1. Filter LYS188/LYS257; LYS82/LYS154; LYS70/LYS209 down to the pairs with a C-alpha to C-alpha distance above 30 Å, please.
2. At a 10 angstrom cut-off on C-beta neighbours, averaged per residue, how do the peptides 191-200, 83-92 rank from highest to lowest?
3. ALA78 to LYS154: FRET efficiency via 1/(1 + (r/R0)^6), r the Cβ-Cβ distance, R0 41 Å, to the nearest 0.05?
4. With labels modelled as points extended 7 Å from the Cα through the Cβ direction, what inter-label distance (nm, one decimal) is found for ILE234 paired with LEU189?
5. Using a Förster radius of 41 Å, what is the FRET efficiency between LYS70 and VAL20 based on their Cβ-Cβ separation? Nearest 0.05, please.
6. Work out how much length SER125 to ARG250 would gain on full extension: take 0.36 nm times their residue separation and subtract the Cα-Cα distance, in nm to one decimal.
Amino acid sequence: MLKILKYSFFDLMRSRWSYVYFAFYLLLGVVLLFLNNDLSKAVITLMNIIIVLVPLIGTIFGVMYYYNSKEFTELLLAQPLKRSSIFLGQYLGVAISLSMSLILGLGIPFIAYGLFKSNAIWDFSLLLVTGTFLTLIFTALAFNIALNNENKIKGFGYAILLWLFLAIIYDGLFLMSLVLFEDYPLDKLSLIGSMLNPIDLSRTLILLKLDISALLGYTGAVFKKFFGTNFGFIISFIILTIWVIFPVLRIVLKSKKKDF
């Protein structure tokens, strides 16, 4: 698996899109620091960008890499290699390369300008951690979609639909349900609803750490009320970890049963 991971990682690191992804975050970090010296405000701005853009990039890259390397994958399947090792290696190669582009792209300007100037650097570190979690989650979901669909158009369509649903449609439906059933106790429903969406959960995790009550929203306020800041912080991390584990396990199981 390590050899496949290494090959996939360096294959993607040679791709121009990895450099574009890295350059985008590098430029974004530099611009935010020049426009605003307050790292806390920069973290909030970056949060709004990352929780939408990172899942989209992870989804597209995951699906695209699977389909583009399909012939090479079939060649590997003809070798005495475990199927799980092949697909886990490819998945980790994609996820780690994207995570590195994100961490280095944002990390370089923030280390240069803000590491020793403000305690907000720890909030920024949390932003990188949640961004990495979202990359791992949505890349795994993309591989699951690609494994289930031989047709490229369907695979890309379902992948974009998944991102669109979790990033935009889910929030709208959730807010509508809260408005329609406002006469009923909805605290537990809002907790479960936020846990079922890694994007919402990541946003809540960052806002709990920043402790900005005005931006927490209903679900964030309920999260803080039920679990408190520290415990809610831990619960959020555990659920995000579960969001990573289950899609990865499904990649392993699906790859063993799939007829290539």
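Where a number appears in this text, it was derived from the coordinates with a stated rule and is not lab data. Quantities reported herein were computed from a predicted structural model and do not represent experimental measurements. Cβ: placed from backbone, ideal geometry, glycine included. Neighbour counts: every protein chain shown.
1. On the way: LYS188/LYS257 37 Å; LYS82/LYS154 27 Å; LYS70/LYS209 42 Å.
Beyond 30 Å: LYS188/LYS257; LYS70/LYS209.
2. Result, highest mean Cβ count within 10 Å first: 83-92, 191-200.
3. Numbers: r = 26 Å, r/R0 = 0.63.
The computed FRET efficiency comes out at 0.95.
4. Spacing of the two 7 Å Cα→Cβ label points: 3.0 nm.
5. 0.95
6. 42.1 nm
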